[in-house]
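The values are calculated or read from the model by the stated rules, or taken from the named source; none is laboratory data. In this text the structure is predicted, and so the values were computed from the model without any measurement. Because the Cβ atoms are built from the backbone with ideal geometry, glycine has one as well, and the counts that use them run over all protein chains shown.
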Ligand SMILES: *Cc1c(COP(=O)(O)O)cnc(C)c1O
C-alpha cells in the first residue's frame, strides 16, 4: 500500500478523477467510439429477479461497426500504431471474434490495411458460424482473413505473417488477441473514470460492477482504473474460458502492468481481482442452457441483445448470483454490456425458437 494511495483517498473523488484523466492524457489516443456510453436501469429485469436494482452500462453501443468493448481499447492501440508509423494492422481471435471485427473497422476508418488470423477453437463446420456474423463484417470492412488450427501459438503465427508483410515493404503493427495488453487496457481505465463520473452526476451509488471476462484487458483496465480512483465498487468478472485461478492471475498480472504504465505510483491490491468461472459450461464459445435462458430473458424483458460467447454467459452468472444471494445487501448493480450481438448471426440455430404462426 503506497502512501500516495492513502493520499489519493484523502483527496476525494473529483481530485482522483482529475489525476486519472491527467495520467490518461499522456498517451496517444484516437477517438473511435461514441462515448460516454449510456448507463440505464433495467427495471423489468430487476423486478423479475426481485433483488437489487440492475443497471446496464451500454458498451455494446460504442458505435464502431455495431459496437463492443474492443473499441475503447482500440482508441489507444490504433493511436500507438499510428505513432509507430504503421500502415497495416495484424490481430487474431476466435472465428466469431468481436475484437477482430472492431479492429477491421478501426483499420478501415484510419486507412490502414488489416490482416486477421482466426483460430478455429470450436471445430465447427457450420457455414453460418464460419461466414456469417462477425466474419461477414470482417470481410465487409476489407480485412484479409486467414484460418489457423486450434492450439497453435497465435502470437508466433502473427509474427510470421508480420515478417512476410515487412518483406513486401509494409509496416505492420501487432495487436494481441482481444487487444489485451497494457495499452489496450487503458481503454478500460478510461471506462472506470467515465462510469464513476456518470454515476456521480446521477447521484447513483454503484455497489457492484459485473461483466464477462476473457482475454483480461477489460477487467484489468477496470481494476487499475477503480484502484486509481480509490473506488470501493465490488468488481466481478464472469469467466468465459479459463478456470478461476488462471483467469484471476492473468487479470492481476495485466492490471499491475497497466497501473505501472499509468505511472500514478499506486499499487493494485490482489483482492480487487475476482473472477467467477462457474458459467463457462463445456468451453469457450460453446452454448450453455443458462446462457440461452439469460439471452432470451434480456431480449424479452428489456429489448436488449446479448451474445452467446461473452455477455450471455456474463448475464447468466449475474442472474444466478442475484438469485443465490451473492449480492445481498447491495442496492445497485451495473452489468457492463461488452457487446457481441453480431455473433448471434453466427449461431442462428441454437435458440430453438418457434416458427411463423398462421
Ligand atoms: C472480448 C469480449 C469480452 C471480454 O473482454 P476481455 O477484455 O477480452 O476480457 C467480453 N464481451 C465481448 C462481447 C467481447 O467481445
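Got a sec? Which of 100, 159, 104, 149 is more than 22 Å from the chain's Cα centre (by Cα), under 23 Å from residue 284 (Cα atoms) and without any contact (Cβ under 8 Å) to a residue 60 or more places away in the chain?
149
Please report, ordered by residue number, the helices (runs of 4 or more DSSP H) entirely within segment 119-200 with at least 2 residues that are under 20 Å from residue 83 (Cα atoms). Working first, answer last.
On the way: elements: 127-131, 134-140, 154-167.
Where helices (runs of 4 or more DSSP H) fall fully within segment 119-200 and carry at least 2 residues being under 20 Å from residue 83 (Cα atoms), they are 154-167.
Please indicate, with yes or no, whether at least one residue in segment 219-228 is surrounded by fewer than 24 Cβ atoms within 10 Å (Cβ to Cβ) and either within 17 Å of the chain's Cα centre (by Cα) or at pLDDT below 95 (or both).
Scanning segment 219-228 turns up no residue that is surrounded by fewer than 24 Cβ atoms within 10 Å (Cβ to Cβ) and either within 17 Å of the chain's Cα centre (by Cα) or at pLDDT below 95 (or both).
Can you confirm whether residue 48 is surrounded by fewer than 19 Cβ atoms within 10 Å (Cβ to Cβ), without any contact (Cβ under 8 Å) to a residue 12 or more places away in the chain and away from the ligand (no atom under 16 Å from the Cβ)? So that I can check it myself, show each step before the final result.
Details: surrounded by fewer than 19 Cβ atoms within 10 Å (Cβ to Cβ): yes; without any contact (Cβ under 8 Å) to a residue 12 or more places away in the chain: no; away from the ligand (no atom under 16 Å from the Cβ): yes.
In short, no.
Take segment 66-83 and flag every residue that is within 11 Å of the ligand (Cβ to nearest atom) and crowded, with 24+ Cβ neighbours inside 10 Å. Before you say what the answer is, go through the steps one by one.
From segment 66-83, those within 11 Å of the ligand (Cβ to nearest atom) are 66-73; that's our starting set.
Of everything in segment 66-83, those that are within 11 Å of the ligand (Cβ to nearest atom) and crowded, with 24+ Cβ neighbours inside 10 Å turn out to be 67, 68, 69, 70, 71, 72, 73.
Give 150, 224, 200, 228 a once-over and let me know the one that is in contact with a helix residue (DSSP H, G or I) (Cβ under 6 Å, 6 or more places away or on another chain) and more than 16 Å from the ligand (Cβ to nearest atom).
It is 228.
Looking at segment 240-250, can you tell me whether even one residue there is within 13 Å of the ligand (Cβ to nearest atom), closer than 23 Å to residue 311 by Cβ and in a strand (DSSP E or B)?
no
Say whether the condition of being crowded, with 22+ Cβ neighbours inside 10 Å, closer than 25 Å to residue 52 by Cα and modelled with pLDDT of 95 or more is met by at least one residue in segment 284-294.
yes
Restricting attention to segment 324-347, report how many residues are in a loop (DSSP other than H, G, I, E, B), modelled with pLDDT of 95 or more and surrounded by 20 or more Cβ atoms within 10 Å (Cβ to Cβ).
Of the residues in segment 324-347, 5 are in a loop (DSSP other than H, G, I, E, B), modelled with pLDDT of 95 or more and surrounded by 20 or more Cβ atoms within 10 Å (Cβ to Cβ).
Evaluate segment 303-313: report whether one residue or more is free of Cβ contacts under 8 Å to residues at least 40 places away in the same chain, within 13 Å of the ligand (Cβ to nearest atom) and closer than 26 Å to residue 38 by Cα.
The answer is yes, given that some residue of segment 303-313 is free of Cβ contacts under 8 Å to residues at least 40 places away in the same chain, within 13 Å of the ligand (Cβ to nearest atom) and closer than 26 Å to residue 38 by Cα.
Select, from 286, 254, 295, 321, the only residue that is assigned to a helix (DSSP H, G or I) and either more than 14 Å from the ligand (Cβ to nearest atom) or more than 18 Å from the chain's Cα centre (by Cα) (or both).
The unique qualifying residue is 321.
Taking the options 53, 72, 82, name whichever one is closer than 26 Å to residue 319 by Cβ and either at pLDDT below 95 or in contact with a strand residue (DSSP E or B) (Cβ under 9 Å, 6 or more places away or on another chain) (or both).
The conditions single out 53.
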